[in-house]
Amino acid sequence: IGPNGSGKTTIVDLILGLIQPTHGTIIYDNERNPVPKQIISSISYQPQDPFVINSTIKNNIALGEDHDHIDMKKLMLSLKLANLNEFISSLSDGLDSKIGQFGAKLSGGQRQRIGIARALYHNPQVLILDEATSALDDDTETAVMDSIEKFDKDITVLIIAHRLTTLKSCDKIFKFEKDYVYKTISYTELMNSKKNKENIHVN
């Protein structure tokens, strides 16, 4: 968490291997730069506005997979985790419903949940959520985050968020200031800091 320009996206780009550090070292399981391909293949990145294709919901979730080889068991699990079952059931064509160009037939929250379902479908070892629940209402976000938390304890989830409640289940919270300076705080400290700022503003 932190203000714009504090370094959150840069950290994610380093983890993804999109940029290399000018000093210091990125280490994955004792393997140093450059980022090993096998590590990159185990990471799923979910941005605020996920990429979608003009096809069916099924093809968007299993993106990159041959239609005849889509694993329906994995697909149904990812739908459940992303809290999409009720929405899919409301569509006359269900998973075969087309979403339109750039997902024109979907709301922002529905696009985000499809993106999260896609990320989970591909069984990541590391899941990066970059403002990935910003378009969800509070109840839906809580349901999605609870599902991800219970999905697999072996998954490392990295979250960039402005909505503080998104971070309540995190083991560690890194609060970035400007120029990549950060400190590690607890969720309680984070919420107390927010309350103090609100009290100062009111006074």
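The values are calculated or read from the model by the stated rules, or taken from the named source; none is laboratory data. Everything numeric in this text was worked out from a predicted model, so none of it was measured. Counting neighbours? That spans all protein chains shown, and the Cβs are built from the backbone with ideal geometry, glycine included. The protein model used for the area step is the full one, side chains on, heavy atoms only, and it has no ligands, DNA or RNA in it. Shrake-Rupley method; radii C 1.70, N 1.55, O 1.52, S 1.80 Å.
In table form, for the structure just shown:
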read-out: Single residue of HIS69, HIS122 found to be farther than 27 Å from THR10 by Cα, open to solvent by 40 Å² or more (accessible area, probe 1.4 Å) and not polar (S, T, N, Q); value: HIS69
read-out: GLY115 vs. criteria among the small types (Gly, Ala, Ser) and in a loop (DSSP other than H, G, I, E, B); value: no
read-out: Of residues in the range 149-184 being under 21 Å from ILE39 (Cα atoms) and touching a residue at least 24 places away in the same chain (Cβ under 8 Å), the one surrounded by the fewest Cβ atoms within 10 Å (Cβ to Cβ); value: ASP154
read-out: Residue check for ILE88: among the β-branched types (Val, Ile, Thr), at pLDDT 90 or above, over 23 Å from VAL12 (Cα atoms) and not in a loop (DSSP other than H, G, I, E, B); value: yes
read-out: Residues located in the range 125-172, provided they are part of a loop (DSSP other than H, G, I, E, B), among the β-branched types (Val, Ile, Thr) and closer than 14 Å to ALA82 by Cβ; value: THR133
read-out: Boolean, SER186 is under 26 Å from TYR28 (Cα atoms) and out of contact with any Asp or Glu (no Cβ under 9 Å at 6 or more places or on another chain); value: yes
read-out: Whichever residue in the range 15-49 is over 25 Å from ARG118 (Cβ atoms) and either part of a strand (DSSP E or B) or β-branched (Val, Ile, Thr) (or both) and, among such residues, is modelled with the highest pLDDT; value: THR22
read-out: Which listed residue, of ILE15, ILE43, is under 16 Å from the mean Cα position of the chain (by Cα), open to solvent by 30 Å² or more (accessible area, probe 1.4 Å) and touching a residue at least 24 places away in the same chain (Cβ under 8 Å); value: ILE15
read-out: So LEU79, is it open to solvent by less than 30 Å² (accessible area, probe 1.4 Å), in contact with a Phe, Trp or Tyr (Cβ under 8 Å, 6 or more places away or on another chain), assigned to a helix (DSSP H, G or I) and under 24 Å from ILE155 (Cβ atoms); value: no
read-out: Among (1) over 23 Å from VAL157 (Cβ atoms); (2) free of Cβ contacts under 8 Å to residues at least 40 places away in the same chain, the one test that GLY5 misses; value: (2)
read-out: Flag for LYS58 being in a helix (DSSP H, G or I), in contact (Cβ under 8 Å) with a residue 24 or more places away in the chain and over 23 Å from ASP137 (Cβ atoms); value: yes
read-out: Residue within the range 82-99 that is within 25 Å of TYR28 (Cβ to Cβ), touching a residue at least 24 places away in the same chain (Cβ under 8 Å) and open to solvent by 40 Å² or more (accessible area, probe 1.4 Å) present; value: no
